[in-house]
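The block underneath contains the structure these notes are about, expressed in structure tokens.
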């Protein structure tokens with residue numbers, strides 16, 4: 001077993017000053033373990049004035065940050081990555097305690113996050129412009145045009161609870177690599193974890209005020225993104241909140257990573273053992289609380305019976321329990337309201353004719369891994385992101401009709417496809433509107449260096465260290481006549 005971290009107090013915002021919540025502070029925000037109901041961390045929730053002060057600090061630090069050479073930004077990022085690696089065991093335990101994430105998954109998240117910082121450090125030394133071939137037209141003959149990329153300014157960021165360390169690093173690290181300053185709002189469910197993470201960046205030696213952390217709930221994020229001094233907005237979260245962020249952005253550039261329905265197809269020629277194992281893992285990792293989590297599995301009718309038998313056996317072998325136990329596969333969902341919502345969706349689907357092959361119940365915040373079949377394609381459990389440990393298996397005969405259904409939902413992050421046919425894979429690539437088509441893998445596949453993101457209802461833009469650095473810089477041309 002992993003030792004449980006003790007109750008800690010965290011700063012409300014980080015810059016030149018910190019504000020710590022006291023027991024009698026009306027702005028105190030408690031982080032409560034979804035597993036045992038204990039208070040893990042208490043933080044000071046930022047007021048609107050403190051949000052504005054954090055943005056002002058970041059804007060004031062922007063000139064110093066922009067003047068920092070690329071190799072110096074890279075050096076500081078590498079220092080932050082190494083510091084995080086040294087702290088990974090304790091930080092992973094805190095993350096599991098705050099959010100209920102299985103400790104094995106928390107440890108993986110720490111390693112990935114450190115790698116994201118290191119990858120961003122490399123990008124800090126690769127920011128380059130381009131030469132435009134003006135002699136391609138008569139008007140440009142004898143002239144020279146070159147461009148350079150400059151920092152976009154102060155970047156506002158909001159991350160969710162399900163992968164707060166890795167997602168924070170996906171926003172902070174490229175922004176700093178590009179020479180920007182940052183204001184990050186932590187998720188209230190993982191406030192202490194993100195506070196501790198930001199400390200590693202602060203200790204790396206970036207200019208004072210370059211990195212600012214806000215603690216709070218939705219209204220804190222709304223106040224942050226409403227501030228017109230921000231040059232770029234980066235948001236990961238729900239579709240509803242994402243629409244509000246897009247409206248707040250106005251003419252400002254932004255990236256939005258929103259929800260999905262986790263579509264994965266198992267074709268008649270698929271390796272069923274591989275597909276069943278991958279779906280059992282990817283549908284229930286993070287207790288299904290991921291925008292890319294496998295939710296809808298479409299299986300060719302010729303292999304459906306065999307696949308469902310394999311899938312159910314693997315799902316029933318998953319261990320649900322204490323998130324700090326290394327043997328646990330999935331812990332609780334984030335809170336009681338989420339658990340109630342998930343089970344209500346399951347029960348509504350069953351009343352409408354769906355059948356539950358396994359699971360379907362809860363004990364407090366612990367929701368059983370659930371496999372449904374015979375759910376209507378227009379039912380809520382199918383067409384809306386459930387964000388819980390539930391997968392729905394559908395049967396199909398015509399694969400193009402399955403592709404068409406996926407497109408009709410409006411969502412499109414990753415699309416998983418198990419097949420041995422290159423032609424089927426290419427058909428999916430041509431047909432399915434999604435950020436990526438993952439052949440012989442599921443919708444959760446995300447190495448941190450690939451351009452990750454969705455289209456339409458699933459978001460806007462792509463995130464990776466390289467893609468984010470480019471998005472968070474402005475191209476400026478100079479022409480010599």
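The values are calculated or read from the model by the stated rules, or taken from the named source; none is laboratory data. These figures come from a predicted structure and were not determined experimentally. Cβ atoms come from the backbone with ideal geometry, glycine included; neighbour counts cover every protein chain shown.
At-a-glance table
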{"item": "Residue satisfying all of: in the range 41-97; touching a helix residue (DSSP H, G or I) at 6+ places or on another chain (Cβ under 6 Å) and not in a helix (DSSP H, G or I); farthest from residue 192 (Cα to Cα) among these", "result": "46"}
{"item": "Only listed residue being in contact with a strand residue (DSSP E or B) (Cβ under 9 Å, 6 or more places away or on another chain), more than 16 Å from residue 465 (Cβ to Cβ) and crowded, with 24+ Cβ neighbours inside 10 Å, chosen from 164, 133, 187", "result": "187"}
{"item": "Enumerated helices (runs of 4 or more DSSP H) restricted to the range 281-383, each holding at least 3 residues that are crowded, with 20+ Cβ neighbours inside 10 Å and either in contact with a strand residue (DSSP E or B) (Cβ under 8 Å, 6 or more places away or on another chain) or modelled with pLDDT of 95 or more (or both)", "result": "304-316, 336-351"}
{"item": "Scan of the range 432-447 for residues that are surrounded by 17 or more Cβ atoms within 10 Å (Cβ to Cβ) and without any contact (Cβ under 8 Å) to a residue 24 or more places away in the chain, ordered by number", "result": "436, 437, 439"}
{"item": "The listed residue being under 28 Å from residue 68 (Cα atoms) and within 21 Å of the chain's Cα centre (by Cα), out of 255, 281, 220", "result": "255"}
{"item": "Residue within the range 262-273 that is modelled with pLDDT of 95 or more, in a helix (DSSP H, G or I) and more than 22 Å from residue 182 (Cβ to Cβ) present", "result": "yes"}
{"item": "Matching entry among 116, 139, 108 (being assigned to a helix (DSSP H, G or I), in the same structural domain as residue 168 (by TED's automatic domain parsing), without any contact (Cβ under 8 Å) to a residue 12 or more places away in the chain and under 17 Å from the mean Cα position of the chain (by Cα))", "result": "108"}
{"item": "Test: residue in the range 231-238 that is in contact with a strand residue (DSSP E or B) (Cβ under 9 Å, 6 or more places away or on another chain), surrounded by fewer than 24 Cβ atoms within 10 Å (Cβ to Cβ) and modelled with pLDDT of 95 or more", "result": "yes"}
{"item": "Test: residue in the range 448-463 that is surrounded by fewer than 18 Cβ atoms within 10 Å (Cβ to Cβ), over 21 Å from the mean Cα position of the chain (by Cα) and either part of a helix (DSSP H, G or I) or not assigned by TED's automatic domain parsing to the domain that holds residue 177 (or both)", "result": "no"}
{"item": "Count of residues meeting criterion [assigned to a loop (DSSP other than H, G, I, E, B), in contact (Cβ under 8 Å) with a residue 60 or more places away in the chain and within 20 Å of residue 377 (Cβ to Cβ)] in the range 409-431", "result": "4"}
{"item": "Some residue of the range 191-210 being within 20 Å of the chain's Cα centre (by Cα), surrounded by 21 or more Cβ atoms within 10 Å (Cβ to Cβ) and not in a helix (DSSP H, G or I)", "result": "no"}
{"item": "Test: residue in the range 46-65 that is in the same structural domain as residue 188 (by TED's automatic domain parsing), under 20 Å from residue 114 (Cβ atoms), within 26 Å of the chain's Cα centre (by Cα) and in contact (Cβ under 8 Å) with a residue 12 or more places away in the chain", "result": "no"}
{"item": "All positions within the range 228-258 that are farther than 19 Å from residue 187 by Cα and assigned to a loop (DSSP other than H, G, I, E, B)", "result": "228, 229, 230, 231, 250, 251, 252, 253"}
{"item": "Tally, over the range 388-402, of residues that are in contact (Cβ under 8 Å) with a residue 60 or more places away in the chain and touching a helix residue (DSSP H, G or I) at 6+ places or on another chain (Cβ under 9 Å)", "result": "10"}
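Here's the yes/no breakdown for (1) under 15 Å from residue 293 (Cβ atoms); (2) surrounded by fewer than 24 Cβ atoms within 10 Å (Cβ to Cβ); (3) assigned by TED's automatic domain parsing to the domain that holds residue 285:
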site: 388; (1), (2), (3): yes, no, yes
site: 396; (1), (2), (3): no, yes, yes
site: 408; (1), (2), (3): no, yes, yes
site: 417; (1), (2), (3): no, no, yes
